[in-house]
Amino acid sequence: MEVSRENIEELIHSYECSQRHALAIMQDMQRRYQYIPREGLNALAKYLGCPVSSLYAMATFYKALSLMPKGEHIIKCCDGTACHIRGASTLIDGVERELGISPGETTSDGLFSFETVNCLGSCAMAPVLVVDDVYYGRVTPEKLKGIIQTVREGGAK
């Protein structure tokens, strides 16, 4: 969805004007835009009557929130102990090679963002990859290529 002042204002004003709603409003912005736009932080600060720096601190504290645009598809690779032992570094290298981006980056076409996480809670299926909330277990470099290709073509396994 395109970032517009009207959309941001509509989202913000759907909540009571109270600082206790700041996180929920930012989460809604994140869902709508795949990140929290600067215009959104500024409008929210004005609405709540608080400094932008307070909202910025909150947005950078929570890993689920991002101040940078994310790709249409988000790939998360677990690098927790079980996944690391079972080859997560090979998957991380594979994603970097296939997409030409490192963890924390987004492809230039805006199709993919790539993140590493400490644990996805699926240790028995290690190594684990999550693409758009779909879990893939026991991922090998060969499976990785197929997963990325399927997502590129608009489908999920």
I need a count of the residues in segment 50-62 that are without any contact (Cβ under 8 Å) to a residue 24 or more places away in the chain and outside any helix (DSSP H, G or I).
1
Residue satisfying all of: in segment 1-30; more than 17 Å from the chain's Cα centre (by Cα) and of a type in the set (Val, Ile, Thr); most open to solvent (accessible area, probe 1.4 Å) among these:
Val3
What is the one condition in (1) modelled with pLDDT of 95 or more; (2) open to solvent by less than 20 Å² (accessible area, probe 1.4 Å) that Tyr33 does not satisfy?
(1)
Here's a check for you: in segment 46-97, which residue that is of a type in the set (Gly, Ala, Ser) and open to solvent by 70 Å² or more (accessible area, probe 1.4 Å) is modelled with the lowest pLDDT?
Ala64
Of all residues in segment 118-133, how many are modelled with pLDDT of 95 or more and either more than 23 Å from Thr81 (Cβ to Cβ) or surrounded by fewer than 16 Cβ atoms within 10 Å (Cβ to Cβ) (or both)?
1
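The values are calculated or read from the model by the stated rules, or taken from the named source; none is laboratory data. These numbers come from a predicted model, not from an experiment. With ideal geometry, Cβ positions are generated from the backbone for all residues, glycine too; neighbour counts draw on all protein chains shown. We work out accessible area using only protein heavy atoms, side chains counted, and drop any ligands, DNA or RNA first. Shrake-Rupley method; radii C 1.70, N 1.55, O 1.52, S 1.80 Å.
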